[in-house]
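Enquirer: Have a look at this one before I ask anything.
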Amino acid sequence: MKSYRLPLTLMVVAIMGLMVMSCNNETASSASTDTTEEAGAVAASDNSVPTPAADAVPAGPTTTVEFAETKHDYGMIEQGEKVSHVFTFKNTGNEPLVLSNVKPSCGCTTPSWTKEPVAPGEEGEILVEFDSKGKSGKQTKTVTITANTEPAKTVLTITGEIQKSDDAS
């Protein structure tokens, strides 16, 4: 019986590794390949889970960014309502600002963001949409931005209180 422990353990580890890799391949194949030609344009996310490579900080020099706000409270929202908010930011450094990833904490939150590099002194925006369908009570969601800044990650937070509509039973 002892002679089967090592091969069995190796087989379990191999199966788990294949499962993890297949999930990453599925995600990579559904990743958005949208490109925008217009400077300062905002492109929509396909709401897929980014691959680990998408979280990588852009190579090259770093810059600084300043957000007008990093938190937004939608207040009272009726269940099923979709709400949105635009977070604006400014490149306060001396190098172009590159947002390599903008990742929501869950599928009910969808970010769209400036895809082109933002020149020093220029502004960009991140549109965050929240779908309250199937949610109730106090909700707090985050959007994590990865960019060529120090620190590399910035977190935006949205909150709201969802009340069930009178129509829902």
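Enquirer: Just to be sure I understand the filter: pairs with C-beta atoms under 7 Å, separated by 6 or more residues or on different chains, first member in the stretch 66-89 and touching a residue at least 12 places away in the same chain (Cβ under 8 Å), second member of a type in the set (D, E, K, R) and in a loop (DSSP other than H, G, I, E, B). Which pairs pass?
Expert: Pairs found: GLN79/LYS135; GLN79/LYS164; GLY80/LYS133; PHE87/GLU69.
Enquirer: Could you check the stretch 97-115 and list, in sequence order, the residues that are within 21 Å of GLU150 (Cβ to Cβ), of a type outside the set (A, V, I, L, M) and in contact with a Gly (Cβ under 9 Å, 6 or more places away or on another chain)?
Expert: TRP113, THR114
Enquirer: Kindly establish whether THR9 is polar (S, T, N, Q), over 19 Å from GLU129 (Cβ atoms) and modelled with pLDDT of 60 or more.
Expert: For THR9, the condition - polar (S, T, N, Q), over 19 Å from GLU129 (Cβ atoms) and modelled with pLDDT of 60 or more - is met.
The values are calculated or read from the model by the stated rules, or taken from the named source; none is laboratory data. Owing to the predicted nature of the structure, the values given are computational and were not obtained by experimental measurement. Don't worry about glycine lacking a Cβ; one is built from the backbone with ideal geometry, like all the others, and counts go over all protein chains shown.
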